[in-house]
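Shown below is the structure under consideration.
Readers should treat all values here as calculations from the given coordinates under stated rules, not as data from a laboratory. All values reported here derive from a predicted model rather than from experimental measurement. Reconstructed Cβ throughout: ideal geometry from the backbone, glycine too, with neighbour counts over all protein chains shown.
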Amino acid sequence: MATDIAFALGILSLLGKRVPTSLKIFLTALAIVDDLGAIIVLAIFYPTHALDFQLLLYASLIIALLIFFNRMNVRNPLFYIVPGIVLWFLILGSGIHATIAGVLLAMTIPGKNTINEVRFLVGTRFLLNKFSAASNHKVSVLSNPVQQQVIHNLHNKLKQVHPVMLRFEHALHPWVTFIIMPVFALANAGVILNAKIFNPPFEPIIPGIFFGLLFGKPLGIFFASWLAVKLKIAELPAEMKWSQIFSVGIIAGIGFTMSIFIDNLAFTDPAIIDTGKVTILGTSFIAAVIGLLAIYITTKDKTTKIINK
């Protein structure tokens with residue numbers, strides 16, 4: 001059920017400026033919500049063992065503490081990292097899949113800055129002018145106490161305008177991109193190809209995954225979006241068309257990492273798991289090709305339009 005965000009956005013990036021920005025934002029938001037849904041499914045339907053309600057109670061107290069830190073606008077990342085680690089172990093021990101701990105932790109991390117843009121600009125300009133006035137070419141910054149104090153104050157200003165959530169995101173980005181995601185993909189995508197994976201007992205899995213990803217997702221996304229617009233819950237951006245919404249729905253059929261992860265948890269027979277993996281990989285490839293062609297057909301080349309003008 002989950003959408004592989006990296007692969008889906010990678011397919012869109014192949015078309016460059018043909019793709020409206022609003023369509024990229026829509027796919028990103030859709031993929032994030034989709035993955036959150038997958039994590040909720042993991043937590044509810046695939047517990048690691050019988051639920052331990054005492055540990056769940058302790059986990060609830062940790063979550064309440066994290067919410068308290070958020071409401072008190074605590075900016076020190078350690079106040080979220082340490083309880084977050086404890087929360088992860090409690091969720092893991094409770095029987096609920098530990099991935100839900102990361103989602104709960106992320107929801108409590110402050111996403112707002114403590115000073116607005118105007119105050120930040122005024123404050124930094126004042127400090128930069130003070131830094132410039134205190135400059136002495138004969139003395140380095142290391143020996144200039146005024147400039148050192150200005151640098152310290154600038155650092156505090158940057159922390160005030162930079163939300164804690166973004167600081168976490170920037171710090172984790174290289175680790176997630178170059179270590180966690182590759183290891184995650186390699187650990188879950190391994191499959192042994194043999195005749196057993198296509199035996200009759202496992203055949204129902206193949207059409208279920210194939211039609212679910214390639215037809216169910218685009219239809220579900222299209223009709224859910226159409227209903228949201230009709231009920232005035234959302235608005236269709238001016239530069240987007242319904243045909244593009246359906247095309248993006250096809251690209252959302254690229255399951256790969258999270259879908260394979262769920263496949264590993266849903267079944268115990270190695271042959272069935274391998275059948276699911278092969279079907280997910282094959283369907284994801286088909287969804288990528290068809291989705292790419294659909295987006296290409298339903299969008300106009302902006303560069304050509306500019307040249308014609």
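Dividing the alpha-carbon radius of gyration of the chain by 2.2 N^0.38 Å (N being the number of residues), what value is obtained?
For the chain, the normalised Cα radius of gyration is 1.27.
Over the chain, with a Gaussian network built from C-alpha contacts below 10 Å, which listed residue (Val248, Val141, Val278) shows the highest mean-square fluctuation?
Result: Val141 has the largest fluctuation of those listed.
Given the -39500 (n - 2.57) contribution per DSSP H run of 4+ residues, what per-residue ellipticity at 222 nm results for the chain, rounded to the nearest 500 deg cm²/dmol?
On the way: 15 runs with 213 residues, N = 309.
Mean residue ellipticity, 222 nm, calculated: -22500 deg cm²/dmol.
Running Debye on segment 117-161 with equal point scatterers at the Cα sites and no solvent, what base-10 log of I(q)/I(0) appears at q = 0.13, 0.27, 0.33 Å⁻¹?
-0.29, -0.92, -1.16
Considering the options Gln147, Ile44, Phe184, tell which one lies farthest towards the positive end of the dipole of the chain, charges being +1 on Lys and Arg and -1 on Asp and Glu at the Cβ, about the Cα centre.
The residue sitting most towards the positive pole is Gln147.
Please enumerate, by chain and number, the aspartates and glutamates with C-alpha under 18 Å from the C-alpha of Lys217, excluding those fewer than 8 residues away in the same chain.
In chain and number order, the partners are Asp4, Asp34, Asp35, Asp263.
Measure nothing but the geometry: give the 0 to 90° angle between the long axis through the Cα atoms of 256-266 and the longest principal axis through the Cα atoms of the chain, rounded to 10°.
60 degrees
Taking the chain as a Gaussian network, where each spring joins two C-alpha atoms under 10 Å apart, which residue of Ile85, Ile273, Ile63 fluctuates the most?
Looking only at Ile85, Ile273, Ile63, the largest GNM fluctuation is found for Ile85.
Using the Cα centre of the chain as the reference point, and only Cβ charges (+1 on K/R, -1 on D/E), how large is the resulting charge dipole? Debye, rounded to the nearest 20.
Values: 23 positive and 13 negative charges, 352 e Å.
Using Cβ point charges on Lys, Arg, Asp and Glu, the chain gives about 1700 debye.
With θ taken as phi - 60° and the coefficients 6.51, -1.76 and 1.60, list the Karplus ³J(HN,Hα) couplings across segment 165-176 in order, rounded to whole Hz; mark glycine and proline as x.
Karplus-based 3J(HN,Hα) across segment 165-176 equals 4, 5, 5, 4, 4, 5, 6, 7, 3, x, 5, 5 Hz.
Something else about it: Between Ala228 and Ala106, what is the spin-label point distance in nm, taking each point 7 Å from the Cα along the Cα→C-beta axis?
Each label point lies 7 Å from its Cα, and together they span 1.7 nm.
Fully extended, how many nm does the chain gain between Ile67 and Ser140 (0.36 nm per residue separation, minus their Cα-Cα distance)?
Stretched out fully, the Ile67 to Ser140 stretch lengthens by 21.9 nm.
For the chain, set up a Gaussian network in which alpha carbons nearer than 10 Å are linked by springs, and say which option among Ser284, Ser13, Ser140 fluctuates the most.
Comparing Ser284, Ser13, Ser140 in a Gaussian network model of the chain, the most mobile one is Ser140.
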